[in-house]
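Read through the structure below, which is laid out as structure tokens, and then see the notes.
The values are calculated or read from the model by the stated rules, or taken from the named source; none is laboratory data. All of these numbers come straight from a predicted model, not from anything done at the bench. Reconstructed Cβ throughout: ideal geometry from the backbone, glycine too, with neighbour counts over all protein chains shown.
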Amino acid sequence: MTRRTATPLSRPARQAGTPRRGRLRAVAAAATTGVVALALALGGATTASAAQGSSWGEFQVTGSARAYTGTMTLDGGFPATTFTSTSRQATVPSGSSTWQAASTPPGVQYGSSRGLPYLNQRPAQDSPTAAGAAVTTYTFASATPSSGWSFVLGDIDADQARVTATGVGGVTVTPDQLGFQGVYNYCQGGGTPSCDSAGVGDRPRWDAASQTLVGNPAGTDTEGAAGWFSPSVPLETLTITYQQRTGFPVYQTWFATRTFSASGTATVGTGETATPYAGATVTIRSAAGAVVATTETDSEGRWAVPALVAAAGYTATVTPRGADDAQPVGFSTATTDATGVDFVFPADAVVPETVTATGVVVEGDETGTPVAGREVQIVAEGSDVPLASTTSADDGTFSFAGLDPDKQYALVDVASGLSTGFSAPQDITGYVVPEEPATVAARGTISNADGTPAAGQTLDFVPVPDDPDAQPTSPDATVTTGADGSFAVDGLTPGGDYVIVVGDDAEHPIPFTAPALGETPVPVDLVVPTADSVSVDGTVVDAAGAPAPGVAVSLLPADGDVPVATTETEADGRFVFTDLTPGTTYRLLVDGAGDPVEFVAYVDRTLGTFALLADEVPPVQPPVTDPGTGDPGTTPGGGSGTAPSSGTGTGAGSGSGTGTSTGTAGGRGPLAFTGGELDQPLLLAGGLLAAGLGLVGAGAVLRRRRAASAPAAEVTSSGR
């Protein structure tokens, strides 16, 4: 009797219906190809197949600021995709706090992306110029299908994204061929994320002439503004040139596919005398000629590929085990499953011999007890689609018939994602699968930096990989905090090392160790982490509201007059201060705009627009601005809407924002500041947490929702 222990399978995938913990561990261990089995009787096994489905892309990112590389993976035989990016920050949030709901336009076609990752990026520089734009280029290993897939650009508000692509042979893809589908706001509708109350109706606009998705005219930092595309021609590359217009924006990218199955039979002869042809290799090629899937016919001559991108022009070929041949068959999955994709060998062809592999599933070790109801799959050597799936009987037994005696196979334990290889003639009695692991629970509370409860926050408990160079996996558990910031979580590995990701802020995780088995968990008190450093910006205009270049701007300490940093406004009147210490109180002095204004640096934000007093406006030449690559309009000059404020006096400047502020300018009236009221000092707790724990990306991308939890009188701009 041969006893075999399951080992990690070398091909990553997902299994439909697997419990959350098992599914996530399977992803971490590089588990099986995802399938849904149809009820096709086959000696206790079912042929792996599926009907209409969809998937959202998965991202992996490596590298550092302005030199990122990564991969994007989609189901359905979509071409392997790599990308490079000059973004200064790139992260892969889990999708627990931000997603495309089923009620959104792409969600109607592809379903919800909730709990699935997406790519979050910043521009190369916070500058509304071509030099400040971040260029992200996706390169496809072979030409993409000309239908059945889409990409989504989200949070386009204080920014813009130019979309270009090349087709087969490097030809330029036209705006029409990019397949712009429309704009919407993913915060509206049923099942949407919890978004800021202001601006959730904001939508970008598509400028076809420049192929640019542009945020709202005022450059106001909102949430959920999105546009989506479904290219109508095969692409070889796709490039997103992302440029800041105001503030500190980020944008999000999703990819999705719609899939259908393909299935058929291979027989010798036709009609009532037809004989099943088992063990033949079936290869599926796309319209571009790329191999997108392989599988094998079972003991009844049947084959199935559960998910192919919804497209036309597929070709199926069969490789017989003998010298006989069968003609290739063309088919389409553009609108429905492709069934009846059959191969017929000549009537005098010899049907090759097949064998049956049997086994018993035991748990824990070779002396473990048999396991009933355990789902196992079989995958042929060189194939990427499970040949069949079955469930162990009450005594733990299972069998797979119709196997090629000269071929290697892998037996896959679906729950754990582990596998073992074997030759078809061998029995596999004593197939050892891991015991269901014991888990522990934890509970506690989490507060914002100012001490208020972090209510309604999503917490992802992400296991820290054993390999320090490995990418982190998906979370073992996800919970949402209560109104008092409390949480309770179960399903954690005893004594396991985790990082807790608050919202989608993968840049600032909280280290956490789960209780040991049998240990009474002690409630933990956590604090929402802050950035390693903070950047602020603003705009200076003259008394007439025109940009004022060359104006001196100083950053003063709260209790002194010696500047800690100085700069001058750029041609568009904008100034930026970077590397500020989180939680520190500063005073901002704009030369010619009155007394300094105090603020607390706690997130990346826009301080607003400052107007020079009439008798302080220096003579300047008209500003020369660079609209940037593909800029279809002008850089916005101010925010829109209203911002709450305190004090007396009125602000003047560009844009439609309103507000008041305190302070006088040497007896010449109130400080001319036109943004919202600057912050009151916040109490920051603890140190900066979890640097270098291997989460993808780098920098200080903070969730706007966290900023929204600050006092209502504060106006923030995290630029999510």
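Quick notes
- Residue match in segment 460-480 (condition: closer than 17 Å to residue 523 by Cβ and not in a strand (DSSP E or B)): no
- Those strands (runs of 3 or more DSSP E) of segment 67-168 in which 2 or more residues are over 20 Å from residue 257 (Cα atoms) and free of Cβ contacts under 8 Å to residues at least 24 places away in the same chain occupy 67-73.
- Lone qualifier among 210, 232, 197 - being touching a strand residue (DSSP E or B) at 6+ places or on another chain (Cβ under 9 Å) and farther than 24 Å from residue 90 by Cα: 210
- Any chance residue 247 is outside the structural domain of residue 100 (by TED's automatic domain parsing), assigned to a loop (DSSP other than H, G, I, E, B) and either buried (at least 24 other Cβ atoms within 10 Å of the Cβ) or without any contact (Cβ under 8 Å) to a residue 40 or more places away in the chain (or both): no
- Evaluation of residue 544 against (1) surrounded by fewer than 21 Cβ atoms within 10 Å (Cβ to Cβ); (2) part of a strand (DSSP E or B); (3) not hydroxyl-bearing (Ser, Thr, Tyr) (one fails), failing number: (2)
- Here residue 495 fulfils each of the conditions (1) under 21 Å from residue 453 (Cα atoms); (2) assigned to a loop (DSSP other than H, G, I, E, B); (3) in contact (Cβ under 8 Å) with a residue 12 or more places away in the chain apart from (1).
- Just so you know, in segment 169-208 the residues that are among the aliphatic types (A, V, I, L, M) and at pLDDT below 95 include one that is nearest to residue 233 (Cα to Cα), and it is 200.
- Selection status of residue 419, of a type outside the set (A, V, I, L, M, F, W, C) and under 36 Å from the mean Cα position of the chain (by Cα): yes
- Selected residue [among the polar types (S, T, N, Q), assigned to a strand (DSSP E or B) and in contact (Cβ under 8 Å) with a residue 40 or more places away in the chain] from 315, 283, 294: 294
- Qualifying residue in segment 391-398 (condition: under 37 Å from the mean Cα position of the chain (by Cα) and surrounded by 22 or more Cβ atoms within 10 Å (Cβ to Cβ)): yes
- Selected residue (criterion: nearest to the chain's Cα centre (by Cα)) from residues of segment 437-459 that are assigned to a strand (DSSP E or B) and of a type in the set (Val, Ile, Thr): 458
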